[in-house]
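Every read-out reported here was derived from the displayed coordinates using simple, explicitly stated rules and does not represent laboratory data. This one's a predicted model, so the numbers in the text were calculated from it and none came from an experiment. Cβ placement follows ideal geometry from the backbone for every residue including glycine, while neighbour counts extend to all protein chains displayed.
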Amino acid sequence: MSLNVENPSLTAVLAPPPLRLIDDQGRAVPQHESGGFRLPTVETLLDLYRQMVVARRFDVQVTALTRQGRLATYPSALGQEACEIAAVASLAPQDWLFPTYRDSIALLTRGVEPKDILASFRGDWHSGYDYQQHRIAPQATPLATQALHAVGLATAAKLKRDDTVALTLLGDGATSEGDAHEAFNFAAVWQAPVVFVVQNNQFAISVPLDKQMACRTIADKAIGYGMPGYYVDGNDVAAMYAVISAAMDLARSGGGPTLIEGLTYRIEAHTNSDDPTRYRTTADVDLWRGRDPIERLEKYLVSQGALTEEVRASILADAETLATTTRECMTEQAVIDPLELFEHVYSTPRSALAEQRAFLATELDGDAAASAIANEESAR
């Protein structure tokens, strides 16, 4: 008996249209096409619009600073604002966010100061913000490791009967990692209050989605783990907010995890060291620029009379103020103590680590003394 193996490249044709509440032209979709989700209020959408505009201005400013050499690296989220802003807006104060290295605008929207977000990208510190204060885990560079951490925290919250949900952001490439499989599986088995939001920007650095998997959508994988899965237009902040909020409510009420895929696109390069022209075309980028999440929502809000020129000017002014703050904080020279390397490693100091710290301290003292002598001789 022979098998009829279909061409894997045809699987993309079979993918269903993603769920959306506002179409590319800024029009509300008919109720029968909304998948049972309601369009958020105009007031909520205007707030989401404000946050997306401010976040994009921050992202553009940081990208410019990186090109000037004032940061070591920066992964832009330009074009992915709807996914990240909707995710943060769905969080309650007691909830935890588990971000990736690309989710700086999510941290910004959650209340982290620009200088604290950029500390790690400039090389000043491993992570510059207080995790407990903001209830945000460190931005994860290894793919999918934060998903396991999210499941762990969510399971602990369930055992302690805390009213806490963990939300973790992942990229499409992260779902190809074993850690993602383990996180999905354990979350479903334990019915952990966790929500997985996959920002499918269609490239794991340079590897397109159809080279990573043969399934129709990432959301389809949810059924194999025994949890709900949603395939959403990731450039429609209204749909992303409605679906993520519903998933958070389900998790909080004891309904377990949800996997949400937001179909979006990374407009900028993977990082400043990447050359995206080697693996994608300008025409493809231009196509997705035409599906801009901010412009889409702007059209809808204008049609509803909610986004006036006065309101727009106020939002842009806030965005420029933030950009100025971001530039100024990057002109400040960080004061770095090399001995901080040894802090926060173990709750109880180990003797080996103490010996290494003492060795470095001696070296630093010697360097300081040599520098002082050199300065004295130079002054004579």
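Miscellaneous remarks
- Antiparallel DSSP beta bridges within segment 8-329, percent to nearest 5: 10
- For segment 74-207, the antiparallel share of DSSP beta bridges with both residues in that region comes to about 10%.
- Lysines with Cα under 17 Å of K299, excluding same-chain neighbours fewer than 8 positions away: none
- Shown for W125, W288, W96: other C-beta atoms within 10 Å of each C-beta, ranked fewest to most, produce the order W125, W288, W96.
- Residue exposure sequence - K221, K211 - by fewest surrounding Cβ within 10 Å: K211, K221
- Distance from the alpha carbon centroid of segment 167-237 to that of segment 271-345 works out to 24 angstrom.
- Ranked by the mean number of other Cβ atoms within 10 Å of their residues, highest first, the peptides 199-210, 99-110 come out as 99-110, 199-210.
- Segment 128-209: antiparallel DSSP beta bridges as a percent of all, rounded to 5: 25
- Its DSSP H runs of at least 4 residues, each contributing -39,500 (n - 2.57), put the calculated 222 nm mean residue ellipticity of the chain at -14500 deg cm²/dmol, to the nearest 500.
- Comparing T326, T308, T258 in a Gaussian network model of the chain where C-alpha atoms under 10 Å apart are linked, the largest mean-square fluctuation is found at T308.
- Of P349, P93, P40, the residue with the greatest mean-square motion in the GNM of the chain, using alpha carbon springs below 10 Å, is P349.
- Derived scalar couplings between HN and Hα for segment 188-205 equal 6, 4, 8, 6, 6, x, 9, 10, 9, 10, 9, 8, 7, 8, 6, 9, 8, 6 Hz in order, rounded to whole Hz, by the Karplus curve 6.51 cos²θ - 1.76 cosθ + 1.60 (θ = phi - 60°), x for Gly and Pro.
- Per-residue Cβ neighbour rank within 10 angstrom, fewest leading, M227, M240: M227, M240
- Eligible lysines near K158 by straight Cα distance, threshold 26 Å, same-chain separation 8 or greater: K221
- Cα-Cα P(r), the chain, percent of pairs per 20 Å interval: 26, 54, 17, 3, 0
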